[in-house]
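Engineer: Take a look at the following structure, please.
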Amino acid sequence: MGTSPGLTVSPHRLELFNDEWDTLLRSYELASVHMKVLANVYSAHGPRLPRDQTIDQRTDALLPFADCINKYIEIGILEAWDVKGYASLPLDVRIRLGGSPDPHYLAFVRVILETVARLREKDTIGIVFDDDLLKAWDGYLHYRAVCKTLPEMKKRCSSITFARDEDYPALQAADMVTFLARLEANSRFSGLPNEWGKLFKHLITNPAPRDGLMRWYSSFIDEKGFSELAAKLSKPIDAP
């Protein structure tokens, strides 16, 4: 599964988000939010996430974190692509899409393009990556390639940096979004049950608070979707 979320927020609202997220962490007696860890209902993680909760109980306990995202973050973009479908694309089609063997990086590029398309003309963005050695380096190379290929992107993307998610609440929020989007994609693509579907649905459909600005956009492309994309890209440019 190639999954790449993008969360966009202004510097002022990011400070407010950080303060509220940190307050939640202190209240829950958590050092950070890592959904892969917190999704294990057979283990305890502080007083509000005791051992042997049901999925529904743990979902309800985590709703305030989803609400914090919707209260302060301004744009959320989800890109989830089926790896099998991407791998089945003809080589010439994959080359036209950037040539990467891993759809994760193409999804990352799409997130940048989709984010910039929704900003005001005078806005620029700074990109913060989770400090994972392999994906961070490849992400940086793709970022450079996008800026080189599309000069407009170079003007709109002011910086790229890397941070530890333990120290950066917005990356913890992105971890939550990625975890939930991946399970939702597995459910849509393979029919697998999604035990965390309630939390995902709450996140992307729950109305933002009165002062919230959050807008969600998503793209889930399965094997059939890639086949249709291949058919379009395989046509001659002047074909109807």
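The values are calculated or read from the model by the stated rules, or taken from the named source; none is laboratory data. This is a predicted model, so every value here is computed, not measured. Neighbour counts are summed over all protein chains in view; Cβ atoms, including those assigned to glycine, are modelled from backbone coordinates with ideal geometry.
Engineer: For the structure I just gave you, tell me whether Asp52 is more than 27 Å from Thr115 (Cβ to Cβ) and either in a helix (DSSP H, G or I) or in contact with a helix residue (DSSP H, G or I) (Cβ under 6 Å, 6 or more places away or on another chain) (or both).
Structural biologist: Judged against the criteria, Asp52 is not a match.
Engineer: Of the numbered conditions (1) aliphatic (A, V, I, L, M); (2) free of Cβ contacts under 8 Å to residues at least 40 places away in the same chain; (3) closer than 16 Å to Gln172 by Cα, Leu91 satisfies every one except a single condition; which is it?
Structural biologist: (3)
Engineer: Shifting gears a bit: For the stretch 32-44, which positions are in a helix (DSSP H, G or I) and touching a helix residue (DSSP H, G or I) at 6+ places or on another chain (Cβ under 9 Å)?
Structural biologist: Selection gives Met35, Lys36, Leu38.
Engineer: When the stretch 116-146 is examined, which residues are found to be under 12 Å from Ile160 (Cα atoms) and either free of Cβ contacts under 8 Å to residues at least 24 places away in the same chain or assigned to a helix (DSSP H, G or I) (or both)?
Structural biologist: Ala136, Trp137, Gly139, Tyr140, Leu141, His142, Tyr143, Arg144
Engineer: Restricting to the stretch 86-105, name every residue that is surrounded by 13 or more Cβ atoms within 10 Å (Cβ to Cβ), in a helix (DSSP H, G or I) and at pLDDT below 75.
Structural biologist: Residues satisfying the conditions are Val93, Arg94, Arg96, Pro103, His104, Tyr105.
Engineer: Turning to a different aspect of this structure: Would you tally the residues in the stretch 158-195 being surrounded by 20 or more Cβ atoms within 10 Å (Cβ to Cβ), modelled with pLDDT of 90 or more and hydrophobic (A, V, I, L, M, F, W, C)?
Structural biologist: Qualifying residue count for the region: 11.
Engineer: Quick check: anything in the stretch 17-31 outside any helix (DSSP H, G or I), farther than 18 Å from Leu171 by Cβ, of a type in the set (A, V, I, L, M, F, W, C) and out of contact with any Phe, Trp or Tyr (no Cβ under 9 Å at 6 or more places or on another chain)?
Structural biologist: So far as the stretch 17-31 goes, no, none of its residues is outside any helix (DSSP H, G or I), farther than 18 Å from Leu171 by Cβ, of a type in the set (A, V, I, L, M, F, W, C) and out of contact with any Phe, Trp or Tyr (no Cβ under 9 Å at 6 or more places or on another chain).
Engineer: Conditions first: (1) modelled with pLDDT under 90; (2) of a type outside the set (Asp, Glu); (3) touching a helix residue (DSSP H, G or I) at 6+ places or on another chain (Cβ under 7 Å); (4) more than 30 Å from Trp196 (Cα to Cα). Ala145 passes all but one, so which condition is the exception?
Structural biologist: For Ala145, the failing item is (3).
Engineer: Can you tell me which residue in the stretch 1-57 is surrounded by the most Cβ atoms within 10 Å (Cβ to Cβ), limited to those that are among the aromatic types (Phe, Trp, Tyr) and more than 28 Å from Cys157 (Cα to Cα)?
Structural biologist: Among them, the one singled out is Tyr28.
Engineer: Which ones in the stretch 55-78 are over 17 Å from Phe200 (Cβ atoms) and not in a helix (DSSP H, G or I)?
Structural biologist: Answer for the stretch 55-78, where residues must be over 17 Å from Phe200 (Cβ atoms) and not in a helix (DSSP H, G or I): Glu74, Ile75.
Engineer: How many of the residues making up the stretch 177-206 are of a type in the set (S, T, N, Q), in a helix (DSSP H, G or I) and either touching a residue at least 24 places away in the same chain (Cβ under 8 Å) or in contact with a strand residue (DSSP E or B) (Cβ under 9 Å, 6 or more places away or on another chain) (or both)?
Structural biologist: Residues in the stretch 177-206 being of a type in the set (S, T, N, Q), in a helix (DSSP H, G or I) and either touching a residue at least 24 places away in the same chain (Cβ under 8 Å) or in contact with a strand residue (DSSP E or B) (Cβ under 9 Å, 6 or more places away or on another chain) (or both): 3 in total.
Engineer: Would you check which residues across the stretch 58-85 are without any contact (Cβ under 8 Å) to a residue 24 or more places away in the chain and surrounded by 20 or more Cβ atoms within 10 Å (Cβ to Cβ) and list them?
Structural biologist: Arg58 - this is the single residue of the stretch 58-85 that is without any contact (Cβ under 8 Å) to a residue 24 or more places away in the chain and surrounded by 20 or more Cβ atoms within 10 Å (Cβ to Cβ).
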